[in-house]
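Scroll down for the structure; my scribbles are underneath it.
The values are calculated or read from the model by the stated rules, or taken from the named source; none is laboratory data. Source: prediction; values computed, not measured. Cβ atoms come from the backbone with ideal geometry, glycine included; neighbour counts cover every protein chain shown. Keep in mind that these areas ignore ligands, DNA and RNA; they rest on the heavy atoms of the full protein, side chains included. Shrake-Rupley method; radii C 1.70, N 1.55, O 1.52, S 1.80 Å.
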Amino acid sequence: MVTKKPTSEKDRLILALRGRGIYDEICQRSWLEIDLAAIAYNVQQIKTLLSPQTTLMAVVKADAYGHGAVSIAKTVQTAGAGAFAVATTPEGIELREAGIKQPILVLGAAYTPDEVKAISHWQLQPTLCTPQQALLFSETLHSFNRTLSVHLNIDTGMSRLGTSWQQAVEFVQLVQRLPNLKIAGIYSHFATADSPDQTIMRQQHQRFQKVITQLGINPEKRFNKTPISRPCLHISNSAAALTDPALHYDMVRVGLAIYGLYPATHLRSTVDLKPVMQVKAKVTQIKTIEAGTGVSYGYQYIAEKTTRIAVVGIGYADGVPRNLSNKMKVLVRGEFLPQIGAITMDQLMIDVTSMPDLQVGEVVTLLGKEGENTISAEDWAADLGTISWEILCGFKHRLPRISY
């Protein structure tokens, strides 16, 4: 094996520091901690809600909601997930290159011959949404004599991808007639499964059930327990999976819940989940400012008294929303401390007056648990009027993911 010689002073410094075992330590201003044991625990907890015949499909799109797709996929695979879902073809290829052998469903729609060829080469399972897309897949696969397992998306009320439920039977029958395509699954997606009002969810379920009945498919003949071939049926996201076993069918597609967060407050009593991600950073400078001194851009905060502040090495370029400025708290030594001033691209400030002995280099927890106190992605989402999914997916890749 040939080792490339360092070509710059920076490279030489990094190699020297790594040789002394301190490069990672001194260069980490901020990072994400990913608790793989919590991931495994959550998968096992969710599986207690499922029948033995129902497969858990782990949704690992968007880099596993910011947690790191490969390490998460390997962990949930060991914990009992039987399939995976991604949003894009490259996401699926990444898992295949990492050695994941289970079925991988691509939830997004592919519409070019080159992408069809890539999906076929890597043996991914694409989502087909329209007759035109199905024809393209069939013709492209026929040109190089390959057969591909596909899933058909039925739009029962999400008004996103999928053939409308009124035309679903004709769509399925068309795909059944096309050469080089094998229907591995038929699915839909709920728009309001996280709402306490189940009216729309029940309506969508009825539409899905009507399509299945019209196709002559018996949902009671479990997909993975019968020797004859029939499509795998799936409609449940995390919220639906936690709501009603009648919605589980052959498979449930669980995303948020495996990362330890609940899709809605009223679902917290259904199963015990452990948050997987913590966000941490280090104090990089401490200073004292006098009363009347402004802090950060725009002077959104002006000290009312002599105040000791700490600069923390993380900002909105790392994924901390700027709109949390002057709203968020952090944990230091297990105690809540307020963030002050506008959050900047690479740094933010906190009021550490109550900790006169705080030192540069101490760790600040932005999301996570310290002692008896916790700050969650749901807390940030509530302050911002958004959802926890967006918070998790917002952390950028200059933040190292440290899995343990």
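For MET345, what accessible surface area do you get with a 1.4 Å probe? Give it in Å², rounded to 10.
Accessible area, nearest 10 Å²: 100 Å².
Excluding residues fewer than 8 places away in the same chain, name every one of the aspartates and glutamates whose C-alpha is closer than 17 Å to that of LYS282.
Qualifying aspartates and glutamates at Cα under 17 Å: ASP24, GLU25, GLU33, ASP318, GLU335, ASP346, ASP351, ASP357, GLU362, GLU370.
Under a 1.4 angstrom probe, counting protein chains only, how are ARG253, ARG268 ranked by accessible area, largest first? Present the calculation step by step, with values, prior to reporting the outcome.
On the way: ARG253 15, ARG268 115 Å².
Ranked list, largest accessible area first: ARG268, ARG253.
Can you list residues from other chains, or at least 5 along the same chain, whose modelled amide H is less than 5 Å from the amide H of THR55?
HN-HN under 5 Å from THR55: MET251, VAL252.
Taking every pair of distinct Cα atoms and averaging 1/r, then inverting, what Kirkwood hydrodynamic radius in Å comes out for region 67-212?
Hydrodynamic radius (Kirkwood, Cα only) of region 67-212 equals 16.1 Å.
What is the set of long-range amide H partners of SER403 at a cut-off below 5 Å, with H atoms built 1.01 Å from backbone N?
ILE34
In terms of modelled amide H atoms, which long-range or inter-chain residues lie less than 5 Å from the amide H of THR156?
Amide H neighbours of THR156, under 5 Å, 5+ apart: HIS189.
Any idea what the relative contact order of the chain is, in percent, if you count C-alpha pairs under 8 Å spaced at least 6 apart? If you can, show how the numbers build up before the last one.
Working: 802 pairs, mean separation 66.4, N = 404.
Dividing the mean separation by the residue count of the chain yields 16 percent.
Given the pairs LYS101/LYS396; LYS287/LYS327; LYS280/LYS305; LYS47/LYS210; LYS305/LYS327, which span a C-alpha to C-alpha distance of over 24 angstrom in this model?
Working: LYS101/LYS396 28 Å; LYS287/LYS327 21 Å; LYS280/LYS305 28 Å; LYS47/LYS210 27 Å; LYS305/LYS327 19 Å.
Exceeds cut-off: LYS101/LYS396; LYS280/LYS305; LYS47/LYS210.
To the nearest 500 deg cm²/dmol, what mean residue ellipticity at 222 nm is calculated for the chain from DSSP H runs of n ≥ 4 alone, each contributing -39,500 (n - 2.57), summed and divided by the residues? Please report the intermediate quantities before stating the final value.
Details: 13 runs with 122 residues, N = 404.
About -8500 deg cm²/dmol.
Of the accessible area of region 82-211, with the probe set at 1.4 angstrom, what percent is carbon plus sulfur? The partial results should precede the final answer.
Numbers: 3010 of 5800 Å².
With neighbouring chains kept in place, the figure for region 82-211 is 52 percent.
Could you compute how much accessible surface GLU390 exposes when probed at 1.4 Å, giving the result in Å² to the nearest 10?
110 Å²
Of all the accessible heavy-atom surface of region 303-359, with the other protein chains kept in place and a 1.4 Å probe, what percent is carbon and sulfur?
Values: 1110 of 2280 Å².
Using a 1.4 Å probe with all protein chains present, region 303-359 comes out at 48 percent carbon and sulfur.
Using a Gaussian network for the chain with springs between C-alpha atoms less than 10 Å apart, which of these wobbles most: SER159, SER188, SER236?
SER159
Could you give me the ³J(HN,Hα) list for region 247-252, computed from phi with Karplus coefficients 6.51, -1.76, 1.60 and θ = phi - 60°, whole Hz, x at Gly and Pro?
Here the 3J(HN,Hα) series is 9, 6, 6, 8, 7, 10 Hz.
Starting at the first residue of region 80-88, write each ³J(HN,Hα) from the Karplus equation 6.51 cos²θ - 1.76 cosθ + 1.60 with θ = phi - 60°, in whole Hz, x for Gly and Pro.
Each residue of region 80-88 in turn: x, 5, x, 7, 9, 10, 10, 9, 10 Hz.
Just reorder THR163, THR265 by solvent-accessible area, largest first, 1.4 Å probe, all chains present. Please list the in-between numbers first.
Working: THR163 15, THR265 110 Å².
I get THR265, THR163, largest accessible area first.
If you average the C-alpha positions of region 278-331 and of region 202-222 separately, how far apart do those two centres end up, in angstrom?
Rounded to whole Å, the Cα centres lie 54 Å apart.
For GLU378, what charge total do you get from the other residues with a beta carbon under 15 Å from its beta carbon, if Lys and Arg give +1 and Asp and Glu give -1? If you can, show how the numbers build up before the last one.
Working: positive: ARG268, LYS274, LYS327, LYS329, LYS369; negative: ASP194, ASP379, ASP383, GLU390.
Within the 15 Å Cβ shell, the charges total +1.
Cβ under 14 Å from TYR41's Cβ, TYR41 left aside: what net charge do those residues give with Lys, Arg +1 and Asp, Glu -1? Show your work: numbers first, answer last.
Values: positive: LYS47, LYS274; negative: ASP35, ASP272.
That works out to 0.
Please figure out what share of the DSSP beta bridges in the chain is antiparallel and state it in percent, rounded to the nearest 5. Don't jump to the answer; show the numbers that get you there.
Values: 31 of 62 bridges.
Taking every DSSP beta bridge with both residues in the chain, the antiparallel ones total about 50 percent.
Going from most exposed to least, what order do TYR187, TYR111, TYR297 have by accessible area with a 1.4 Å probe? Intermediate results must be reported in sequence, preceding the final value.
Details: TYR187 5, TYR111 110, TYR297 155 Å².
From most accessible down to least: TYR297, TYR111, TYR187.
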